Amino acid sequence: METQSEPGKQQTTQNGGPLRNGYVRNGGCCCPAVAGDKNHHVMQNGGLYKRPFNEAFEETPMLVAVLTYMGYGILTLFGYLRDFLRAWKIEKCHNATEREEQKDFVSLYQDFENFYTRNLYMRIRDSWNRPICSVPGAKMDVMERFTDDYNWTFKYTGKVIHGVMNMGSYNYLGFAQNTGVCEEAASKVLKQYGAGVCSTRQEMGNLDKHVDLEKLVARFLGVEAAITYGMGFATNSMNIPALVSKGCLILSDELNHASLVLGARLSGATIRIFKHNNMTSLEKLLRDAIVNGQPRTHRPWRKILIIVEGIYSMEGSIVRLPEVIALKKKYRVYLYLDEAHSIGALGPTGRGVVEYFGLDPRDVDIMMGTFTKSFGAAGGYIGGSKELIDYLRVHSHSTVYATSMSPPVAQQIICSMKSIMGEDGTSYGQNCVQQLAENTRYFRRRLMEMGFIIYGNSDSPIVPLMLYMPSKIGAFGREMLKRSIGVVVVGFPATPIIESRARFCVSAAHTREMLDIALKVIDEVGDLLQLKYSRHRSIPLLDRPFDETTYEETED
């Protein structure tokens with residue numbers, strides 16, 4: 001059993017020293033910890049966790065939150081003023097004004113999101129959709145462009161910005177490259193098979209490469225069988241409706257990807273949302289579902305399906321899979337795990353979040369993942385029992401109607417996966433997995449030491465750095481590009497309106513020297529834009545509930 005401190009009482013470490021709590025996102029009590037014990041193993045909830053599990057979600061400082069709301073308020077007021085000036089044809093730029101021939105149509109600009117796009121997003125639109133003209137490896141080339149109509153359109157100068165460090169692509173293991181064994185193998189297959197199949201798997205598009213790939217994926221995951229698809233997004237959105245329908249219940253994490261949300265909505269099943277990575281919230285929904293059944297009729301649900309992700313792409317957090325599986329077994333429901341970002345990026349041998357926690361793949365009913373990140377390719381897969389895969393081959397819209405995966409893409413996946421497994425006769429793939437883990441921990445630690453607020457798990461290669469204020473979204477992206485660092489900045493509606501952030505993606509292709517250069521630039525820009533909001537440093541905990549993170553305040 002855990003020992004939790006009483007609310008309002010100061011906690012102490014085992015040596016008697018005070019342990020002061022900072023702010024936590026979800027609130028609640030925290031447990032005693034030894035601040036100097038770094039090589040501990042978390043053993044709680046019946047010993048479900050056999051490794052440290054450290055996640056940081058420092059609460060937004062009050063002053064920053066107030067200034068952020070004020071910033072959006074001022075921008076909103078100016079937006080209404082600009083709409084007024086457009087209506088009276090006073091403003092020079094009329095791109096946001098509907099054409100005269102459409103004046104009798106229902107207005108396209110009605111709701112808040114269109115208002116936001118028109119008056120707020122356009123101010124920083126140059127921070128997105130930057131065209132690159134090279135391989136998206138550790139470094140890339142970016143096409144230079146400019147705008148003369150307030151970011152509504154862009155023109156190209158014909159110049160190229162060479163050698164921009166790529167800190168935004170999901171190239172976790174560095175397989176997105178145009179040289180090496182995988183490139184040679186894909187080129188050979190391209191000459192032999194061509195670029196496209198022009199048919200579905202059920203007709204004339206079932207190649208030997210597809211069969212070989214699916215057998216390899218099943219072995220890699222440790223499951224009975226697997227099926228592959230040409231598009232990662234459609235793997236979720238088109239297969240969830242094949243698995244659940246009306247009369248079924250989906251329990252979905254509130255931060256699940258749009259493809260999972262779309263698939264759940266298309267299925268016709270009832271959807272209930274639980275708080276992000278909060279097992280108390282999930283168990284409450286499970287209990288209510290089993291006790292009360294379906295609305296009105298109170299009949300038992302035909303199926304109950306829990307949907308979670310391995311790594312959440314906006315938060316950098318890792319699913320508490322041991323606890324999810326424990327609840328799945330306790331209440332006898334099904335589990336759908338999306339490993340789009342975790343496959344290849346987590347685990348001693350890159351086999352994802354299941355291996356990361358040392359769990360049995362058979363405990364996950366539907367294992368989904370994509371080839372678009374760690375494998376440097378395209379498409380997705382679903383792994384599980386042979387019965388499941390045979391069912392999807394007949395009932396999945398992606399299998400029946402979608403064109404088969406391109407043969408060179410399939411070969412790229414086969415080559416990179418065999419490299420990770422060591423079946424190419426080298427240790428290159430395993431070295432990449434190890435390098436990614438080292439780079440991730442180093443990059444996260446250095447950013448936290450600088451005083452930035454960093455979200456997510458200490459082992460997650462997705463590193464969100466909080467910007468908060470709308471004016472700093474565009475400024476951060478521009479200042480980083482000036483210093484030859486390409487980053488992704490994210491704002492509403494992809495994040496809550498006051499939780500804008502920069503999202504760094506660490507890669508095994510990044511050398512320590514490259515990371516040091518990037519960190520130096522981030523430190524410089526952080527000082528310039530005053531982004532070092534953190535007031536706490538995270539400390540490892542010997543035993544704690546897993547819906548909270550504890551902080552020790554730093555002395556100013």
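Below, the figures for the structure above:
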item: Residues of region 200-220 satisfying the condition of being assigned to a loop (DSSP other than H, G, I, E, B) and surrounded by 13 or more Cβ atoms within 10 Å (Cβ to Cβ); result: 201, 202, 205, 206, 207
item: Counted residues, region 373-399 - those being within 14 Å of residue 231 (Cβ to Cβ), part of a helix (DSSP H, G or I) and either among the basic types (Lys, Arg) or open to solvent by 20 Å² or more (accessible area, probe 1.4 Å) (or both); result: 1
item: Number of the condition not met by residue 502 [criteria: (1) modelled with pLDDT of 95 or more; (2) farther than 30 Å from residue 279 by Cβ]; result: (2)
item: Set 409, 400, 433: member being at negative phi, at pLDDT below 95 and of a type outside the set (Ser, Thr, Tyr); result: 400
item: Hits in region 402-455 (condition: in contact (Cβ under 8 Å) with a residue 24 or more places away in the chain, open to solvent by 30 Å² or more (accessible area, probe 1.4 Å), more than 24 Å from residue 230 (Cβ to Cβ) and among the aliphatic types (A, V, I, L, M)); result: 448, 450
item: Some residue of region 335-356 being open to solvent by 10 Å² or more (accessible area, probe 1.4 Å), within 25 Å of the chain's Cα centre (by Cα) and free of Cβ contacts under 8 Å to residues at least 40 places away in the same chain; result: yes
item: Hey, residue 327 within 23 Å of residue 241 (Cβ to Cβ), surrounded by 16 or more Cβ atoms within 10 Å (Cβ to Cβ) and more than 16 Å from the chain's Cα centre (by Cα) or not; result: no
item: Residues of region 231-244 that turn out to be surrounded by fewer than 23 Cβ atoms within 10 Å (Cβ to Cβ) and out of contact with any Ser or Thr (no Cβ under 6 Å at 6 or more places or on another chain), as a count; result: 1
item: Residue within region 465-473 that is more than 23 Å from the chain's Cα centre (by Cα), more than 30 Å from residue 185 (Cα to Cα) and touching a residue at least 40 places away in the same chain (Cβ under 8 Å) present; result: yes
item: Yes/no for residue 119 being within 23 Å of residue 500 (Cβ to Cβ) and out of contact with any Gly (no Cβ under 7 Å at 6 or more places or on another chain); result: no
item: Conditions (1) among the hydroxyl-bearing types (Ser, Thr, Tyr); (2) open to solvent by 10 Å² or more (accessible area, probe 1.4 Å); (3) at negative phi; number of the one not met by residue 495; result: (2)
item: Hits in region 431-458 - residues which are in contact with a strand residue (DSSP E or B) (Cβ under 7 Å, 6 or more places away or on another chain) and part of a loop (DSSP other than H, G, I, E, B); result: 452, 453, 455
item: Which listed residue is of a type in the set (Val, Ile, Thr), modelled with pLDDT of 95 or more and either open to solvent by 20 Å² or more (accessible area, probe 1.4 Å) or outside the structural domain of residue 471 (by the TED database) (or both), from 157, 153; result: 157
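Per-residue answers, yes or no, for (1) closer than 27 Å to residue 474 by Cβ; (2) open to solvent by 50 Å² or more (accessible area, probe 1.4 Å); (3) not in a loop (DSSP other than H, G, I, E, B):
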{"position": "140", "(1), (2), (3)": "yes, no, yes"}
{"position": "173", "(1), (2), (3)": "no, no, no"}
{"position": "177", "(1), (2), (3)": "no, yes, no"}
{"position": "191", "(1), (2), (3)": "no, yes, yes"}
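The values are calculated or read from the model by the stated rules, or taken from the named source; none is laboratory data. Worth saying up front: this structure is predicted, and the values here are computed from it rather than measured. Cβ: placed from backbone, ideal geometry, glycine included. Neighbour counts: every protein chain shown. Only protein heavy atoms, including side chains, enter the accessible area calculation; ligands, DNA and RNA are left aside. Shrake-Rupley method; radii C 1.70, N 1.55, O 1.52, S 1.80 Å.
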